[in-house]
Amino acid sequence: MEYDPESIETIIRRTILDVLQPYLSPRRKALSADTKTQHRDLVLLAYKGFCPCCHRNQVINEDGSLLPSASFDHFSGNRSDSRPHQTWLICTNCNGRLYREPGFREDCDLHFRSYQNLRRQAIMQPELEYDSCYRL
Ligand SMILES: [Zn+2]
């Protein structure tokens, strides 16, 4: 039986990557459809469709559809934890800055906490009037 050295090398590379991957970086876990809907509804109602981080960029259309500028962020940086209280819906610009710009994540901490407070209120009081919500 003849061995194809190239395919053996490919198999070895793949096996090593499979073994090491969990230690290199946590696997990114996609947000569930329910979580995405929860974030979309909150941003649409409480932030009038604008990014809850910068309040400048629109991320959701009036009809509720996500714009290309929308991005789901894992605020804690742990991409394997995609539960609603660890994530939010922001603009791609803010999402990029959170990962690139030193100190920006700390600057946004209050915005994230405010967002999560509104999310919890919305869960407890679905009839809540968002017009009374404050914007930073
Ligand atoms: Zn933004």
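Values computed for the structure shown
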item: Extreme residue, farthest from the ligand (Cβ to nearest atom), among residues of the range 25-45 that are of a type in the set (D, E, K, R) and outside any helix (DSSP H, G or I); result: 27
item: So residue 48, is it away from the ligand (no atom under 16 Å from the Cβ), at pLDDT 90 or above and under 23 Å from residue 111 (Cα atoms); result: no
item: Where residue 33 falls short, out of the listed (1) at pLDDT 90 or above; (2) surrounded by 10 or more Cβ atoms within 10 Å (Cβ to Cβ); result: (2)
item: Residue 8, sole failed condition from (1) within 16 Å of the ligand (Cβ to nearest atom); (2) over 20 Å from residue 122 (Cα atoms); (3) modelled with pLDDT under 95; result: (1)
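Residue-by-condition table, conditions (1) closer than 20 Å to residue 28 by Cβ; (2) at pLDDT 95 or above; (3) within 10 Å of the ligand (Cβ to nearest atom); (4) of a type outside the set (Ser, Thr, Tyr):
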site	(1), (2), (3), (4)
58	no, yes, yes, yes
66	yes, yes, no, yes
72	yes, yes, no, yes
75	yes, no, no, yes
81	yes, no, no, yes
88	yes, yes, no, yes
91	yes, yes, yes, yes
99	yes, no, no, no
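The values are calculated or read from the model by the stated rules, or taken from the named source; none is laboratory data. From a predicted model like this one, the values you see are computed outputs, not experimental measurements. Positions of Cβ are generated from backbone atoms using ideal geometry, with glycine treated the same way; all protein chains shown enter the neighbour counts.
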